[in-house]
Amino acid sequence: MHWLRKHGISAPTVWQTRKRGRTISLPSPAELRHRVEHLGESVTAIARAAGVSKSTLLRACHDSGIRVHRDGWNSERLTCLDGHEARSVYEQRVDNWLHLHNLAHVVEPRYPWDARYRADFLVGDTYIEVWGVTNNDRYQQRKAMKIERCRQEGLPLIQLRVWDFSRRWQRRLEPLLQQSLSE
């Protein structure tokens, strides 16, 4: 370190050395703001795509003045691109995807077999559930009941789990695009 400082050479950061010379390019502040605030992408997913740690991306958001919600559920409702309100970052991402693909959708529709129960979305005749809660027995029982009732009633159901959002979760929704083309 002494020799580097003496000759005015800056030391690489830990994450630069871990990438063995590969250049890391964080999204620009404008792109980062768009992805976080408008598209509702999770910090984890953006960090993974950029090849940096979540803490590095959180620091970039903080430095750019971007308010970041923790990944997942929030105590306040999140506004989607089409004006709908979502209860989680995951629901916001789904709503924004549906809006950007011009798919008409209903938020929190009642199931036809019991008005006490609601899905997260309805597109055409297909229900969408974003299963965001883990480690809650009551939630898991209601989830199992909804899945079984949809199966019994022959209702199309697309299910998205929290861990699906770290991969190409959009693939699960792509059949809706084919459905809208055939209508």
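Suppose accessible area is computed on protein heavy atoms with a 1.4 Å probe; arrange Thr44, Thr134, Thr56 from highest to lowest.
Working: Thr44 45, Thr134 80, Thr56 10 Å².
Heavy-atom accessible area, descending, gives Thr134, Thr44, Thr56.
If you take the C-alpha gyration tensor of region 90-183, multiply each eigenvalue by 5 and take the square root, what semi-axes do you get, largest first, in whole Å?
So the equivalent ellipsoid measures 21, 17, 11 Å along its semi-axes.
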#### Entry: With all protein chains modelled, accessible area of Glu153 [1.4 Å, Å²]
100
### Query
If we restrict to alpha carbons, what Rg and Dmax does region 26-183 come to, in Å?
16.6, 51
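The values are calculated or read from the model by the stated rules, or taken from the named source; none is laboratory data. Just so we're clear, the structure is a prediction, and the values are computed from it rather than from any experiment. All accessible areas refer to the heavy atoms of the entire protein, side chains included, with ligands and DNA or RNA removed. Shrake-Rupley method; radii C 1.70, N 1.55, O 1.52, S 1.80 Å.
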